[in-house]
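Below you'll find the structure, written out as structure tokens, and then a few comments.
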Amino acid sequence: MTVSSEALHIMVVDDHELTRCVLMHALLRQGFISRVQVAAHGRDVIAQLGQMSPEQHPDLILMDLHMPVMDGWAASTWIKKHYPYIKIVAYSAAEGGHRQAKQHGATIDAFCDKGECTQSLLQTIQQVL
């Protein structure tokens, strides 16, 4: 899928409700994103994916790394094992988050620091897809 040919379906996974809401609204304002779903932690996103048909799966998951119940490292590894076609962008404010993601073996397609502007996040999403 290319960004220009078809609208995207994205899932935001973050344990902070405000972050989920802000990202959902910011993403839905983009012309190339048609649908945004949310999940509160890794186990939540895995449960939601399991209830969807493959056609309903998101094109990309925007994943926080530090969450309760199941963190982004474990969730990204599980998702890539079972749904390798779903792209994952780790989105974290952790100091050295990209390095930590690689050290923990997170299976991600890209990393974006939460301190970056919205435009940087959108560029990262477009580059991955």
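The values are calculated or read from the model by the stated rules, or taken from the named source; none is laboratory data. Fair warning: this is a prediction, and the values are worked out from it, not measured in the lab. Positions of Cβ are generated from backbone atoms using ideal geometry, with glycine treated the same way; all protein chains shown enter the neighbour counts. When the accessible area is computed, the model is the full protein with side chains, heavy atoms only, and any ligands, DNA or RNA have been set aside. Shrake-Rupley method; radii C 1.70, N 1.55, O 1.52, S 1.80 Å.
Among the residues of the stretch 88-104, the one identified as modelled with pLDDT of 85 or more and not hydrophobic (A, V, I, L, M, F, W, C) is 91. Scan the stretch 60-85 and report the pairs whose first residue is without any contact (Cβ under 8 Å) to a residue 60 or more places away in the chain and whose second residue is in a helix (DSSP H, G or I) and of a type in the set (Lys, Arg), with Cβ atoms within less than 6 Å and a gap of 6+ or a chain change. Matching pairs, first to second residue: 69/43; 70/43. Any idea which of (1) modelled with pLDDT under 90; (2) open to solvent by 60 Å² or more (accessible area, probe 1.4 Å) is the one residue 107 doesn't satisfy? Here residue 107 meets the rest and fails (2).
The residues of the stretch 39-53 that are open to solvent by 50 Å² or more (accessible area, probe 1.4 Å) and touching a residue at least 12 places away in the same chain (Cβ under 8 Å) amount to a single one, 43.
For (1) at negative phi; (2) modelled with pLDDT of 95 or more; (3) not β-branched (Val, Ile, Thr), each residue gets a yes or a no:
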{"residue": "5", "(1), (2), (3)": "yes, no, yes"}
{"residue": "10", "(1), (2), (3)": "yes, yes, no"}
{"residue": "34", "(1), (2), (3)": "yes, no, yes"}
{"residue": "51", "(1), (2), (3)": "yes, yes, yes"}
{"residue": "62", "(1), (2), (3)": "yes, yes, yes"}
{"residue": "66", "(1), (2), (3)": "yes, no, yes"}
{"residue": "73", "(1), (2), (3)": "yes, no, yes"}
{"residue": "76", "(1), (2), (3)": "yes, no, yes"}
{"residue": "86", "(1), (2), (3)": "yes, yes, no"}
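Among what's in the stretch 65-88 and is in contact with a Ser or Thr (Cβ under 6 Å, 6 or more places away or on another chain) and buried (at least 21 other Cβ atoms within 10 Å of the Cβ), pick the residue that is nearest to residue 109 (Cα to Cα). This residue is 88.
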